[in-house]
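Q: The following block contains the structure, expressed as structure tokens.
The values are calculated or read from the model by the stated rules, or taken from the named source; none is laboratory data. Fair warning: this is a prediction, and the values are worked out from it, not measured in the lab. For neighbour counting, all protein chains shown are included, and Cβ atoms are generated from backbone atoms with ideal geometry for every residue, glycine included. Just so you know, the surface numbers come from the protein's heavy atoms only, side chains and all, with ligands and any DNA or RNA stripped out. Shrake-Rupley method; radii C 1.70, N 1.55, O 1.52, S 1.80 Å.
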Amino acid sequence: MATPPREGSTVVVGAKGCSLSSAAVYSVSRGLSKLAIDPAALDKLSQQKNQPPKLVSDTAVVQGCILTFEESRAALAVLLNKFEITVLENSCAASIAVCALLDCCASTLVRVSDAVAALSSEAARVDVNLFDLAVFGDRFTIKDESDVDASMKTFLYGSKLAGKLDSVPFSEIPAVHGSLREAVRLLHGRTQVELNASVKSKKVMGSGVHGKEKAFVGEVFQKECRCIDALKNDFNSITTASSNVVLVLHQVYDLLVNFREILAWEEAALALFAIEVDESVEKPAVVPLESSKSEKKSQKKKKKTLGKGTSIVRQLLKERLSLEADASLENVMNLVQVAHELVGAFDPKDSELDTLIRKLKEIVESNEVRRLPKIPKGTRDFGKEQMAIRERAFSVIVGVFKKHGAVALDTPVFELRETLMGKYGEDSKLIYDLADQGGELCSLSALKRYQIAKVYRRDNPSKGRYREFYQCDFDIAGQYELMEPDFEVVRVLTELLNELSIGDYEIKLNHRKLLDGMLEICGIPSEKFRTVCSSIDKLDKQTFEHVKKELIEDKGLTSEIAERIGAFVKKRGPPLEILSELTSEGSQFLGNNEAVVALDELKILFTALDKSKCLNRVVFDLSLARGLDYYTGVIFEAVFKGTTQVGSIAAGGRYDNLVGMFSAKAVPAVGVSLGIERVFTIMEQLEKDRNQVIRATETQVLVAILGKGLTLAAELVSELWDAKISAEFGLTKRIMNHITRAKQTGIPWMVIEGESELQDGVVKLKSIETSKEEVFRRDKIVEELQRRLGIN
């Protein structure tokens, strides 16, 4: 958003094709600009028969709210821009005008707040690593917070003053400023629309303020500056005391002015003072911005230096002070004058504010190479530690699949639209597609296949839900004995989750035909089965009372039928116990053919799982109703029971009709899809909780050459590589550098060779875990490492 026009300028309203900005409204309200009506618009205005507006003096009363003279001028500017002369009491011009003033002031504060916060953080010697958010292109990592984080690191780049203070208030700067950015952006967009829309009398325009403030306050400020607690109290009183929109906006504007004072007092002035009195800080002379870029790197600096950006921020703020205030910065008693001058410097009416904002923008953009690149929304970058976890998981998963005789298949990343649409609509999820495979799968009597690949969906990203993600599928297709593939698929799922070592989980299991029988018993017509099941499927997130209300009010069921459903779907427990209850004498399910078929199949399945010693992981849950558009038999869903909230982590079931959609022959199939992205989230959190080094490599040995002898390293490390030993090498005289590298990367062994070892024809073998060193002949070290590492 542009800064307000400077004093003596003219704002023209009513011109065709021109729009009125918040900055222009602010400039008119403060008398910085004159207001002129476009001649063509003036002619049109003179032809209107409306009554002239009420005159205003120093104040005007609108909707029971007293406007200041500046707010009244702003409101009249808004009205004139709309080619209408309207009684101010009957229009929304006042609320729009106050929003424009809010927009202008808040936009300027957003632009300077990051720079001032960076200077304040540096003065407090905060750890720069606090501003090190991971950049993901999803909605879990908020873009505004990531942008603030990147700006803070840009300002603080190269700082020798920043310390190791791990401060909660300072760590919240990205969230606080990000929230402010978001709120101001929404306000700006809505205000621009309202400023240039046609007049609508008695229109209510809402506005909200979202944000949080944290700051440290010196004793010297308590008498002169409004403290942050008072600001919070003001906000709470505003949002609860009045329903008058104009009054609320008027008070929010006053609140914003108070926030500007806090920014100047508690962050800018105090930071300047702290840096000025700190004798350990080098204080460069005020130099032009351009010359600071070419500062010689070789210049020795005995004192601690500010960051490249914050050093310039300090200069810019000091330039805004009078000579008297600048000279008195080291005297705490004179901080009042310094703070008052900075308050004025952050006011949009200040003629030099646009210069300050422009130079701050130059700082950020000049350091753009140090900002993390943005990635598309709904996608993510993964660091070496994350990739190590993923590769380990993929290795486990593929190992389980191959142990069960599965073969790998691959299909295109994209398919024909009609293939994916089918009868399910755009939200359907196909296990895999056979449209361009010529029916090859259908000609096989049996097939076990797995596929791990990236897939894409057009969706709004959210926490744990991405546009780009891995799909991990295992399917068995073809003619088999009853429940044979169903058993193996569930067994594979338990093996996967056990070997991934994610912790406690359960597999909820049900049967499509049992659900249909249950609904028929309850008296629900078949055409309502699917819509009722969609409500039942919400029971894992909602209480039955909520679901019951939906069944009655939205699905048209009677209260009696809803209660019958509730009696069934609440049944949940150990599979054999629930099965025994459902098949006992007098059970209503025994009178329904579909239900009897399902119960017979489940008996076979549960018995097989019991013999396989994995039935303890299964819960028979009659409320499970997922994927009913194409599932025809058993359905199941794995749920993680640990502290990390990720929802279901796997799901699957039998789909006997799906393959037949793409060929003339029906091919029964059972499959499971592992929610691998959610599993990765669990595994990453577990690694963090253990506080252990996540090994990004599989390196077994570090060859530590004590010197710069590349030829020595090349000869020794090549022998290790040829012996199938994973190894790295390093060249430095400092033994601790080698040891630190090995510890940080988790390398268990070091082979050390320096001048003395070279002369004696030996090397040292060091265990990083025990710190024990042993000496071996140079020609025996490879053999010794193979023995210890179990390599033949």
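Q: Do you know which residues across the stretch 372-389 are crowded, with 18+ Cβ neighbours inside 10 Å and either modelled with pLDDT of 80 or more or of a type in the set (Lys, Arg) (or both)?
A: Start the filter on the stretch 372-389 by keeping residues that are crowded, with 18+ Cβ neighbours inside 10 Å, which leaves 378, 380, 386, 388-389.
Listed by number, the residues that qualify are 380, 388, 389.
Q: Can you name the residue in the stretch 632-658 that is out of contact with any Ser or Thr (no Cβ under 7 Å at 6 or more places or on another chain) and buried (at least 23 other Cβ atoms within 10 Å of the Cβ) and, of all such residues, is farthest from residue 479 (Cα to Cα)?
A: 640
Q: Of the residues in the stretch 597-640, how many are part of a helix (DSSP H, G or I), touching a strand residue (DSSP E or B) at 6+ places or on another chain (Cβ under 9 Å) and either on the phi > 0 side of the Ramachandran plot or free of Cβ contacts under 8 Å to residues at least 40 places away in the same chain (or both)?
A: Residues flagged as part of a helix (DSSP H, G or I), touching a strand residue (DSSP E or B) at 6+ places or on another chain (Cβ under 9 Å) and either on the phi > 0 side of the Ramachandran plot or free of Cβ contacts under 8 Å to residues at least 40 places away in the same chain (or both) within the stretch 597-640 amount to 1.
Q: Among 23, 40, which is modelled with pLDDT under 80 and part of a helix (DSSP H, G or I)?
A: Values: 23 fails: modelled with pLDDT under 80.
Only one candidate passes the filter, namely 40.
Q: Which condition from (1) among the acidic types (Asp, Glu); (2) under 30 Å from residue 642 (Cβ atoms); (3) open to solvent by 50 Å² or more (accessible area, probe 1.4 Å); (4) touching a residue at least 60 places away in the same chain (Cβ under 8 Å) is the one that residue 719 breaks?
A: (2)
Q: What pairs come out if I take residues in the stretch 149-160 that are in contact (Cβ under 8 Å) with a residue 24 or more places away in the chain and open to solvent by 20 Å² or more (accessible area, probe 1.4 Å) and pair them with residues that are hydrophobic (A, V, I, L, M, F, W, C) and part of a helix (DSSP H, G or I) whose C-beta lies under 8 Å away, six or more apart or interchain?
A: 153/128; 153/131; 159/128
Q: Quick one: in the stretch 554-585, which of the residues that are over 17 Å from residue 596 (Cα atoms), without any contact (Cβ under 8 Å) to a residue 24 or more places away in the chain and charged (D, E, K, R) is surrounded by the most Cβ atoms within 10 Å (Cβ to Cβ)?
A: Looking at residues that are over 17 Å from residue 596 (Cα atoms), without any contact (Cβ under 8 Å) to a residue 24 or more places away in the chain and charged (D, E, K, R), I get 563.
Q: Collect the residues in the stretch 532-551 that are open to solvent by 60 Å² or more (accessible area, probe 1.4 Å) and part of a helix (DSSP H, G or I), keeping them in residue-number order.
A: The answer is 538, 540, 545, 546, 549.
Q: Answer yes or no as to whether residue 422 is surrounded by 12 or more Cβ atoms within 10 Å (Cβ to Cβ) and either modelled with pLDDT under 60 or touching a Lys or Arg at 6+ places or on another chain (Cβ under 9 Å) (or both).
A: Yes; evaluated as a whole, the condition is true for this residue.
Q: I'm trying to understand the selection: among the residues of the stretch 117-129, which are within 25 Å of the chain's Cα centre (by Cα) and either surrounded by 24 or more Cβ atoms within 10 Å (Cβ to Cβ) or under 21 Å from residue 262 (Cβ atoms) (or both)?
A: 117, 118, 121, 126 - these are the residues of the stretch 117-129 that are within 25 Å of the chain's Cα centre (by Cα) and either surrounded by 24 or more Cβ atoms within 10 Å (Cβ to Cβ) or under 21 Å from residue 262 (Cβ atoms) (or both).
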